[in-house]
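Since the structure comes first, as structure tokens, the remarks are kept for the end.
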Amino acid sequence: MSKYFSRQLLYRIRNEIPIAALLPQLDWPHKMRDGRLCLICPRCGEFLTVVNPRTNLARCFPCELNFNTIDLTMSIKKCDFVDAVHLLQPLLPPSTAS
């Protein structure tokens with residue numbers, strides 16, 4: 001299992017796997033509230049984390065932390081960076097680059 005990842009792969013994981021699609025895969029509590037996707041913060045446990053679909057980041061307002069898909073997976077699955085990347089790779093859409 002590789003411990004080194006290309007910059008392009010990490011960029012794709014952070015940007016091409018929507019957090020909205022990732023949360024059901026991680027079996028993590030979330031819901032739509034006032035038209036915004038909200039989830040329980042994996043760090044503080046408050047239900048005040050909101051997803052910005054334009055940036056694909058989740059922001060916990062009590063913790064003042066942002067989560068990308070890798071950070072979120074690490075926190076929810078309680079795993080390290082390498083394991084999180086390996087968990088997320090199969091969720092990537094097929095690459096259109098030649």
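The values are calculated or read from the model by the stated rules, or taken from the named source; none is laboratory data. Predicted model, so just to flag it, every value in this text is computed and none were measured. Note: ideal-geometry Cβ built from the backbone for every residue, glycine included; neighbour counts use all protein chains shown. The accessibility values were calculated without ligands, DNA or RNA, using every heavy atom of the protein model including side chains. Shrake-Rupley method; radii C 1.70, N 1.55, O 1.52, S 1.80 Å.
Tabulated results
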read-out: In region 73-96, the residues that are hydroxyl-bearing (Ser, Thr, Tyr) and surrounded by 13 or more Cβ atoms within 10 Å (Cβ to Cβ); value: THR73, SER75
read-out: Subset tally (residues that are open to solvent by less than 60 Å² (accessible area, probe 1.4 Å) and either acidic (Asp, Glu) or touching a Gly at 6+ places or on another chain (Cβ under 9 Å) (or both)) for region 29-52; value: 0
read-out: Any pair with Cβ under 8 angstrom, 6 or more apart, that starts in region 69-98 at a residue that is farther than 22 Å from VAL50 by Cα and ends at one that is of a type in the set (Val, Ile, Thr) and part of a helix (DSSP H, G or I); value: CYS79/THR73; PHE81/ILE70; VAL85/ILE13; VAL85/ILE70; LEU87/THR73; GLN89/ILE13; LEU92/ILE13
read-out: Residues (surrounded by fewer than 10 Cβ atoms within 10 Å (Cβ to Cβ), under 16 Å from the mean Cα position of the chain (by Cα) and part of a loop (DSSP other than H, G, I, E, B)) located in region 1-28; value: ASP27
